[in-house]
């Protein structure tokens, strides 16, 4: 095959449960972003999503997380909306691919971007607790428990920026410090 033909083969990301990776690194993407609208408008206390293996449950949950979560920098300070990678994943824009070459990619708006009220009121507005048990492996109870504990600790670390909101709640802050 010539290089011209090979360069036209789309890059397909397989085996990842990361919405960000799928949008930024794959040339093929099925836009299911209106699931965000459905979940928000359902106004349910709980949502049960049941599908067979390999139907995109983890990717869709990660997409919801990316849409809703507050994006912060390494110091726990909230990033302005115009600079948020998560926002660009949904409304489009140019992003850096994090390579030394300075490569960039232009992202097209997803279907949810047409619903400006949902973008304005919900995108990037919430601390999100997201635990994926798929990667927890163990030969016995103790190893599995250790994996769960590690995930919970990582959640506390990821949400350390919330500490400033708990400064006057000594009891909750003490509990969090003990857990971490």
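Here are some notes:
- Cα gyration tensor, region 3-130 - rounded (a/c under 1.5), prolate or oblate: oblate
- Fewest-first ordering of 23, 148, 72, 14 by other beta carbons within 10 Å of each residue's beta carbon gives 14, 148, 72, 23.
- Normalising the average separation of contacting C-alpha pairs (under 8 angstrom, six or more residues apart) by the number of residues puts the relative contact order of the chain at 18 percent.
- The distance separating the Cα centre of region 10-65 from that of region 104-167 comes to 14 Å.
- Across 133, 67, 90, mean-square fluctuation computed from a Gaussian network of the chain (C-alpha pairs under 10 Å connected) peaks at 133.
- Ranking of 66, 84 by neighbouring Cβ atoms within 10 Å, starting from the fewest: 84, 66.
- Comparing 116, 94, 142 in a Gaussian network model of the chain (Cα springs below 10 Å), the most mobile by mean-square fluctuation is 142.
- Going from the residue with the fewest nearby Cβ atoms within 10 Å to the one with the most, 50, 172, 24 rank 50, 172, 24.
- Taking the longest Cα principal axis of the chain as reference, the axis of helix 57-68 is set at about 70 degrees.
- Among 147, 102, 138, residue whose mean-square fluctuation peaks in a GNM of the chain (springs only between Cα atoms under 10 Å): 102
Coordinate-derived values only; no laboratory data. Note that this is a predicted model, so its numbers are computed, not measured. We place every Cβ from the backbone using ideal geometry, glycine too, and count neighbours over all the protein chains shown.
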